[in-house]
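The values are calculated or read from the model by the stated rules, or taken from the named source; none is laboratory data. Model, not experiment: these values are computed from the prediction. Here the Cβ positions follow ideal geometry from the backbone for every residue, glycine too, while neighbour counts run over all protein chains shown.
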Amino acid sequence: MQVHRNLDQLPTFTRAVITIGSFDGVHMGHQKLISRINQLAAEIKGESVLITFYPHPRQVIYPNDQSLQLITSLEEKIALLKKFGVDHVVVVPFSVEFSQQNPREYIEKFLYEKFKPSFIVVGYDHKFGLNRQGNMELLQSYEEKLGFKTVKIDQQEIEDITISSTKIRNSLLQNEISKANKYLNYHYMISGKVVYGEQIGQKIGFKTANIQIDDRNKLIPIEGIYAVYVFHEQERYDGMLYIGNKPTIHKDGKRSIEVNIFDFNQNIYGAYIRLEIVSFIRNDQKFDGLEALKTQLAKDEISARSVLNFKENYQSKKAKTAIVILNYNGEEILESYLPSTLHSTDRPVDFVIIDNASTDESVSFIKEWHPEYKLLEFTSNYGYAGGYNKGLEQLDYEYVALINSDIQCTQNWLDPILDKMEEDPSIAAISPKIRSIEQPDHFEYAGAAGGFIDILAYPFCRGRLFSTVEKDSDQYQSEQEIFWASGAAMVVRKSVFDALGGFDADYFAHQEEIDLCWRMKRAGYKIMVLPGSHVYHLGGGTLAYESPNKTYLNFRNSMINLIKNDESGFWFFKFVLRVLLDGLAGAQMLVQGKAKNMWAIVRAHWYIFPRLGHFIRQRKQLKDRIEEVRIDNSNRKGIYTSSIVWQYFVRSKKVYSKLNMHE
């Protein structure tokens, strides 16, 4: 993160996403806003820029007002903004002159000339310029002229930010540190310079560092003893903090802020340290002499160490896995199936929804009814492949469970899959068995009991060949290697996903998971199905199975899979044969009265023919990338060495069990 304090020395920003405010506390409400600008910046491959002010505007505009209490000093605020991933922080020297800019001058000379923003993210009631005459409508009137877009943060979110700030201040002043930390989403900080004190602590065996707070407006919690983390020269120590006027020693002593750092014996006078207040231990009180005080401090140390040890153990349980759902205009589907995802596992797990610029009310629904889901909002619909790629770029987990919004999860379906992936690091992806919601005793089209391909890259499933879907009578319960895991429900080792470049965003939707799994297999990884774990899928929830658009994407993308990934020396012969077979499939559709589907196949071929050179170049690029990731020889398990078209349409083998997978 870069910090800029001089407006005349700003860099040239590239596709800046900016937001403006005091951001005192950088609390949970602010963090949502920061996450939003970071997401937008990542989406357009730009930079997130947070503009804040120093001193606080109230200190300049109302210099005689002594009531201001700041949750964070400027340096604490900057440290937090770095923690939450902002690319640039611009500290504007706030002055009376700055506050008196004409609103149009503020937009043209300040916002536009200094930042050249692509997006300006502000609250619905944002006011600026002389007498706060500038507003959201004025900003929006400049969009076309200056080439930026304004993103309005809704009323509820802005009110939540204001309410959170008030609750934090009240909690700190009412002995409710845990509640304040909850709203902050981090431990409340106090920072300052270590200065000489009265040396009394050293005399009774509890040496303390006395802290001098630089900012007179910094809010200090009520008097008492606290368990704290102490940060000095980027090292963290445990300790206990005292805030009070030392009533055992002084009758009318001034307030002191001092910390006893456990297992620490360095001379740090003159150094700046930061304290993070974890928990309140007890109120300040007067004791009958130093021995009584010493006895109590020994008890306080035991309490503080116990609290900090518990906190350390709790924090070590950070989620290694995220359940990630891609959404586009899926309010009704989310309402039906989202609650089931919360019972997927008893392990620590995070929940994420990537929204592909929905135009319905699904985003509002998620925020109101499922706040446990982290929401990544995009400004465009990038499809299944691009949406997941852009979303997963922003997530840091060992495993990601990618599930469609129309998946109904069963209790703890995720646990055996995660156990298996922990057990075998050569597994890159696992799919559960997928049943149909509409016919719960049948497999579901998109995955069934594991995915395979034939020699011409036609995909099929154990439990579903072409349009024939079998009843699930536990005939395919064996855990085994397959060729592809279903994009409807698949758990992926994220390091492998990232190393192989994720999904191919050019696919937009359909069969991109087969392409990804093929690349994983080429690098020597395993793809598995665990039928002992199962979920239910609505299927066709976003695009009907017989939709011409789905036909187009399936035929186009399946052909691209063959060109890009087939490693045999006969791939071009296979490509020509595929063209002929696809033509026969189109003729059959025409006979069946599905002229639009037939035309979709023609369009798919005409997409590929002029781009054949591009796909051939991709073959070489992919080969080089796979070599960098390779852990073993190419894994061909799951490839049917015959033609599924021949077996199904000519030899009438309509179910998986009739196939000889070794012929």
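Some values worked out for this structure:
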| read-out | value |
| --- | --- |
| Among residues of the range 638-648, those that are surrounded by 14 or more Cβ atoms within 10 Å (Cβ to Cβ) and either out of contact with any Leu (no Cβ under 9 Å at 6 or more places or on another chain) or small (G, A, S) (or both), counted | 4 |
| Sole residue being outside the structural domain of F231 (by TED's automatic domain parsing), in contact with a His (Cβ under 8 Å, 6 or more places away or on another chain), surrounded by 18 or more Cβ atoms within 10 Å (Cβ to Cβ) and β-branched (V, I, T), chosen from I37, I20, I51 | I20 |
| Residues of the range 356-397 satisfying the condition of being within 13 Å of the chain's Cα centre (by Cα) and among the basic types (K, R) | K374, K390 |
| Of all residues making up the range 74-128, the number that are in a strand (DSSP E or B), over 15 Å from N6 (Cα atoms) and of a type in the set (A, V, I, L, M) | 3 |
| Residue that is surrounded by the fewest Cβ atoms within 10 Å (Cβ to Cβ) [pool: residues in the range 343-365 that are in a loop (DSSP other than H, G, I, E, B) and of a type in the set (V, I, T)] | T359 |
| Qualifying position, being within 40 Å of the chain's Cα centre (by Cα) and part of a loop (DSSP other than H, G, I, E, B), among R619, R603, R636 | R636 |
| Which listed residue is at pLDDT 90 or above, among the charged types (D, E, K, R) and either under 30 Å from D65 (Cα atoms) or surrounded by fewer than 18 Cβ atoms within 10 Å (Cβ to Cβ) (or both), from R255, R216, R236 | R236 |
| Within the range 248-282, considering residues that are assigned to a strand (DSSP E or B) and of a type in the set (F, W, Y), the one nearest to the chain's Cα centre (by Cα) | F280 |
| Residue within the range 80-88 that is over 28 Å from the mean Cα position of the chain (by Cα) and either of a type outside the set (S, T, N, Q) or farther than 17 Å from K32 by Cα (or both) present | no |
| Test: residue in the range 479-490 that is assigned by TED's automatic domain parsing to the domain that holds Y607, part of a helix (DSSP H, G or I) and of a type in the set (F, W, Y) | no |
| Failed item in (1) in contact (Cβ under 8 Å) with a residue 60 or more places away in the chain; (2) over 22 Å from N561 (Cβ atoms); (3) of a type in the set (V, I, T), with V469 passing the rest | (1) |
| Selection within the range 89-105 - among the aliphatic types (A, V, I, L, M) and under 15 Å from L74 (Cβ atoms) | V89, V90, V91, V92 |
| Count of residues meeting criterion [of a type in the set (F, W, Y) and surrounded by fewer than 17 Cβ atoms within 10 Å (Cβ to Cβ)] in the range 122-155 | 1 |
| Qualifying residues in the range 445-500 (those that are on the phi > 0 side of the Ramachandran plot and touching a helix residue (DSSP H, G or I) at 6+ places or on another chain (Cβ under 7 Å)) - the one modelled with the highest pLDDT | G463 |
| Residue among V17, V49 that alone is under 25 Å from the mean Cα position of the chain (by Cα), outside any loop (DSSP other than H, G, I, E, B), of a type outside the set (G, A, S) and closer than 19 Å to V363 by Cβ | V17 |
| Lone qualifier among S73, S67 - being modelled with pLDDT of 90 or more, in the same structural domain as Q140 (by TED's automatic domain parsing), among the small types (G, A, S) and more than 21 Å from N135 (Cβ to Cβ) | S73 |
| Residue under evaluation L334, criteria (1) more than 18 Å from N38 (Cα to Cα); (2) outside any loop (DSSP other than H, G, I, E, B); (3) touching an Asp or Glu at 6+ places or on another chain (Cβ under 8 Å), criterion not met | (3) |
| In the range 639-656, residue farthest from R462 (Cα to Cα) [restricted to those that are part of a loop (DSSP other than H, G, I, E, B) and without any contact (Cβ under 8 Å) to a residue 60 or more places away in the chain] | R651 |
| Single residue of G463, G447 found to be within 12 Å of Y656 (Cβ to Cβ), surrounded by 20 or more Cβ atoms within 10 Å (Cβ to Cβ) and of a type in the set (G, A, S) | G463 |
| Residues of the range 283-312 satisfying the condition of being small (G, A, S) and in a helix (DSSP H, G or I) | A292, A298, S303, A304, S306 |
